[in-house]
1. Filter the stretch A:115-144 down to the residues that are over 23 Å from A:GLY27 (Cβ atoms), facing chain B (nearest Cβ under 10 Å) and part of a loop (DSSP other than H, G, I, E, B) and list them by number.
2. Out of all the residues in the stretch A:147-186, which are assigned to a helix (DSSP H, G or I) and β-branched (Val, Ile, Thr)?
3. Mind listing whichever residues of the stretch A:34-93 are basic (Lys, Arg) and under 24 Å from B:VAL85 (Cα atoms)?
4. How many residues are within 14 Å of chain B (Cβ to nearest Cβ) and either surrounded by fewer than 18 Cβ atoms within 10 Å (Cβ to Cβ) or over 15 Å from the mean Cα position of the chain (by Cα) (or both) if we restrict to the stretch A:54-94?
5. Quick check: anything in the stretch A:127-140 within 21 Å of the chain's Cα centre (by Cα) and surrounded by 13 or more Cβ atoms within 10 Å (Cβ to Cβ)?
6. Looking at the structure I just gave you, is B:ARG95 away from chain A (no Cβ under 14 Å) and not in a loop (DSSP other than H, G, I, E, B)?
7. Need the failing condition index for B:PHE106 against (1) in a strand (DSSP E or B); (2) free of Cβ contacts under 8 Å to residues at least 24 places away in the same chain, just the number.
8. Working carefully through the options B:ALA99, B:ALA19, find the one that is at pLDDT 95 or above and either surrounded by fewer than 17 Cβ atoms within 10 Å (Cβ to Cβ) or out of contact with any Ser or Thr (no Cβ under 8 Å at 6 or more places or on another chain) (or both).
Amino acid sequence: MSIRSGPDAWGSLAKLFHWSIATLVIGNLSLGLWMVDLDASAQKMRSYGLHKSIGISVLGLMLLRLLWRALDQRPPAPPGMSPLARRVSRVLHGGFYVLLLALPLSGWLYNSAANFPLRWFGLVNLPRLSAADPVLKQLAQSAHEWLAFLVIAAVLLHASAALKHHLIDRDQVLRRMLPSYRARHRAQPGDSP
Amino acid sequence: MKIPLLTLLAVLGGVAPAAARDWQQQTESQLRFEGNQQGEAFAGQFRRFESRINFDPDDLAQADFDVRIDLASVDTANSERDQAVLGSDWFDVGRFPQAHFRTRAFRALAEGRFEADAELQIRGHTRPIKFPFTWTDDAAGSHLHASVVLDRLDFGLGSGEWADDDLIGTQVTVTVNLLLRESGVGSRESRVESRESGVESRESRVESRESGVGSRESEN
């Protein structure tokens, strides 16, 4: 399996970005929904610290991923897809990138405006995006919450579309992103319906 | 003999009142602290505290500080943290609304520098502390400045699961900056004067800055 993507399959680096970010985002959404209801405690503070560290990691990985995306090629959409479906897919993937950058950034801004520290996995403290500001804090908190629900919706939509490709269209769209998948043959025009 | 003695007392009275010199805390006074949360320093202050300062650099035997701090007035520019620190794991203001600082003995260290043996009570724990401070005078009044490092665990602040120094630092630096103006019979008189007649009071304010300016500010 090559690091770079080919015409039939995603390269190992693109897969690594996809699945590591997917794991961190789904884990952090769960952690975030759980931790907000904790009573004030050291456990709550540690949970928030972990949530922030994961979020900052997602932000960093997303920036690297965008950089790699600019250098790498993308396997084309399967031939069976209608022009409308391709456009919808392109817009939704673009939106996904925007959401996955905006979600950690809004959290960072919320944290800064609330005047909390931000330490990445106990190793390094990150600068503030703003001074303590109660009004901005409220705005950023709302934004962070709404963005989180939009990301949940996007994850569900994305997974549904992948399953639709796999089960209904019976094409390679889901399979070619799986870690174990290797292009065995070049896609032929007649391969997919 | 009667008249010279009275004259002498009157002259001395304005300079060094016999027993002790009482000072009034001005609104510019600050009681600040610096803590550490998750590796990052944060600044806070207590907005309400009341100090009784009895101090004459030339008569330390009479000196006496007594300060009460309203713990609910804590402000660290973070509403969640300010709320949490009032709870039962920390200040527990429901049971212990005030911290109390009082001195026991004073000694001079150098010109303008002193040290007091003091007791600080927080959350029902009374601990002896050394309280080194400087005392300086300028046109605004007298300034008492001190900086003391405390260990929060000495006062039972954040024990148990909070004891971890890495999450919330155990060392807290408390910085005291008091602006003081001397209070006394003289100043009370000049305050009455200043209410009655503008021109005269302004003159008396110039003559005696401690009483005159003080009477104006302390009414804020």
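1. Passing the criteria: A:ASN115, A:ARG128, A:ALA131, A:ALA132, A:ASP133.
2. Passing the criteria: A:VAL151, A:ILE152, A:VAL155, A:ILE168.
3. A:LYS44, A:ARG46, A:LYS52
4. Number satisfying all stated conditions: 0.
5. Looking for residues that are within 21 Å of the chain's Cα centre (by Cα) and surrounded by 13 or more Cβ atoms within 10 Å (Cβ to Cβ), one finds at least one in the stretch A:127-140, hence yes.
6. For B:ARG95, the condition - away from chain A (no Cβ under 14 Å) and not in a loop (DSSP other than H, G, I, E, B) - is not met.
7. Of the numbered conditions (1) in a strand (DSSP E or B); (2) free of Cβ contacts under 8 Å to residues at least 24 places away in the same chain, the odd one out for B:PHE106 is (2).
8. So the residue among B:ALA99, B:ALA19 that is at pLDDT 95 or above and either surrounded by fewer than 17 Cβ atoms within 10 Å (Cβ to Cβ) or out of contact with any Ser or Thr (no Cβ under 8 Å at 6 or more places or on another chain) (or both) is B:ALA99.
The values are calculated or read from the model by the stated rules, or taken from the named source; none is laboratory data. Because the structure is a prediction, the values reported are computed rather than measured. Counting neighbours? That spans all protein chains shown, and the Cβs are built from the backbone with ideal geometry, glycine included.
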